[in-house]
1. Tally up the residues in the stretch 108-141 that are of a type in the set (Gly, Ala, Ser), under 15 Å from residue 82 (Cα atoms) and crowded, with 19+ Cβ neighbours inside 10 Å, please.
2. Specify the residue that is modelled with the lowest pLDDT; the eligible residues are those in the stretch 142-170 that are within 18 Å of residue 82 (Cβ to Cβ) and loosely packed, with under 15 Cβ neighbours inside 10 Å.
3. Go through (1) within 19 Å of the chain's Cα centre (by Cα); (2) free of Cβ contacts under 8 Å to residues at least 60 places away in the same chain one by one and return the number of the condition residue 152 breaks.
4. Answer yes if at least one residue in the stretch 120-128 is of a type in the set (A, V, I, L, M) and under 19 Å from residue 64 (Cα atoms), and no otherwise.
5. Could you list, in sequence order, all residues of the stretch 108-118 that are more than 20 Å from residue 70 (Cβ to Cβ) and part of a strand (DSSP E or B)?
Amino acid sequence: MSQPFHHKHPYLSVLVLLVVVLAIANWVSGGSGDRGWGHDWRGKVEEKSGRYDKMMRHACDDDAWVETKLFMGQGEDGGIKVNEADWLAFLEDEIRPRLPDGFTVLSANGYWGAEGQFYSEDAKLLLLLHDGTKDEVMKAISDAYLARFQRGVVLRADDPACVRFISRDG
C-alpha cells in the first residue's frame with residue numbers, strides 16, 4: 001500500500017540503512033582500509049587496481065564481477081504510478097534491448113521513515129551481474145525510468161561480486 005511521501009528523496013532512509021549494514025558487515029568481517037571501502041566499484045574489472053584488486057583476489061577463487069542493483073519505486077511520489085503493464089512495457093522497450101545477455105527483476109516493497117512518518121512503496125529491483133562494463137547501460141536505464149514515469153530518483157547500488165557458475169558436471 002503506497003502512502004504519499006513529502007520528502008524530496010524518498011530512498012534517503014534506505015540509503016542510510018544500506019550504509020549502516022555495509023559498515024556492520026565490514027566490521028564483522030574484520031574489514032580494514034585494505035578492503036577497498038570508499039572505492040568506486042564501477043569501471044572495467046579488467047582494469048581494476050589497488051585495494052579493489054587485492055580484495056577481489058583474496059575473496060574470489062573464481063571470476064570477480066560487479067553486482068549492480070537499481071531500485072525503482074512504483075508509487076506516485078510526484079510522478080506516475082507504475083502498474084504491472086507499464087512495468088512490462090518499460091522492460092521490453094528499455095531493459096531487454098540494453099541487456100540482451102540477461103538480468104534479474106525482483107518485486108520489492110520499500111519502507112522508510114521521514115519527518116516522523118513511516119512510508120511504504122512497491123518497487124522493482126533490477127539486478128545485474130556484469131564484468132564492470134555496464135555502467136553507462138545502467139545509467140541509461142535509470143534515466144529512461146526517471147523520464148518515462150516522471151520519478152524523482154532511482155536508487156543504484158554497485159558492489160563487488162564473486163561469481164561462480166555451478167553446473168551438474170561440477
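1. Adding up the residues that qualify gives 2.
2. Across the stretch 142-170, the extreme among qualifying residues is 150.
3. (2)
4. Looking for residues that are of a type in the set (A, V, I, L, M) and under 19 Å from residue 64 (Cα atoms), one finds at least one in the stretch 120-128, hence yes.
5. Listed by number, the residues that qualify are 113, 114, 117, 118.
Residue by residue, here is whether (1) in a strand (DSSP E or B); (2) without any contact (Cβ under 8 Å) to a residue 12 or more places away in the chain holds:
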position: 89; (1), (2): no, yes
position: 105; (1), (2): yes, no
position: 142; (1), (2): no, no
position: 147; (1), (2): no, yes
position: 158; (1), (2): yes, no
position: 167; (1), (2): no, yes
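The values are calculated or read from the model by the stated rules, or taken from the named source; none is laboratory data. Please read these numbers as outputs of a predicted model, since none were measured by experiment. Neighbour counts are summed over all protein chains in view; Cβ atoms, including those assigned to glycine, are modelled from backbone coordinates with ideal geometry.
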